[in-house]
Amino acid sequence: QVQLVESGGGLVQAGGSLRLSCVASGRTFSNYAMDWFRQAPGKEREFVAAISWSGAATYYADSVKGRFTISRDNAKNTVYLQMNSLKPEDTAVYYCAAGPNYFSRSYSGMTYWGKGTLVTVSS
């Protein structure tokens, strides 16, 4: 089992920045690819970003490319999501997830999920 706990969400004005963190405990963190997903009110959960187990490869949804950066520190069992130039449409609950396949980038492909952290971007 892997337990994931997100933090760093909050209220920010459009154009501002936030950094989300996700701390993992349990099984070996570095064995897993890590993804961030988000779910806005009334919408389905959507993929945001992925990082390979080593951190050497990253991938982003088109909607966040150039504004968000995913990174990880395997020594700290932590994955981060740096969010810059935030827009009101980025408002959502953000979830981190762990899975065996970096190329999955889908809800069904992830094995473990955190409970999420709320990001609200005001206009």
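The values are calculated or read from the model by the stated rules, or taken from the named source; none is laboratory data. Fair warning: this is a prediction, and the values are worked out from it, not measured in the lab. Cβ coordinates were reconstructed from backbone atoms using ideal geometry, including for glycine residues, and neighbour counts include every protein chain displayed. What goes into the accessible areas is simple: the full protein's heavy atoms, side chains included, and nothing from ligands, DNA or RNA. Shrake-Rupley method; radii C 1.70, N 1.55, O 1.52, S 1.80 Å.
Based on what the data block shows, is V119 β-branched (V, I, T) and either part of a strand (DSSP E or B) or out of contact with any strand residue (DSSP E or B) (no Cβ under 9 Å at 6 or more places or on another chain) (or both)?
yes
Only one residue in A49, A75, A61, A92 is over 18 Å from V2 (Cα atoms), of a type in the set (G, A, S) and open to solvent by 10 Å² or more (accessible area, probe 1.4 Å), so which one is that?
Among A49, A75, A61, A92, only A61 is over 18 Å from V2 (Cα atoms), of a type in the set (G, A, S) and open to solvent by 10 Å² or more (accessible area, probe 1.4 Å).
Would you confirm whether any residue within segment 7-29 is aromatic (F, W, Y) and open to solvent by less than 20 Å² (accessible area, probe 1.4 Å)?
Looking for residues that are aromatic (F, W, Y) and open to solvent by less than 20 Å² (accessible area, probe 1.4 Å), one finds at least one in segment 7-29, hence yes.
Being touching a residue at least 12 places away in the same chain (Cβ under 8 Å), assigned to a strand (DSSP E or B) and over 11 Å from the mean Cα position of the chain (by Cα) is true for just one of L11, L20. Which residue is that?
L11 is the lone residue from the list that is touching a residue at least 12 places away in the same chain (Cβ under 8 Å), assigned to a strand (DSSP E or B) and over 11 Å from the mean Cα position of the chain (by Cα).
Could you list, in sequence order, the residues of segment 78-89 that are open to solvent by 30 Å² or more (accessible area, probe 1.4 Å) and either of a type outside the set (G, A, S) or touching an Asp or Glu at 6+ places or on another chain (Cβ under 9 Å) (or both)?
Scanning segment 78-89 gives Y80, Q82, N84, K87, P88, E89.
May I ask you to list the residues in segment 106-123 that are touching a residue at least 40 places away in the same chain (Cβ under 8 Å), of a type outside the set (A, V, I, L, M) and either within 19 Å of S7 (Cβ to Cβ) or open to solvent by 60 Å² or more (accessible area, probe 1.4 Å) (or both)?
Matches in segment 106-123: Y107, T111, Y112, W113, G114, K115, G116, T117, T120, S123.
Open to solvent by less than 20 Å² (accessible area, probe 1.4 Å) and not acidic (D, E), is that true of F68?
yes
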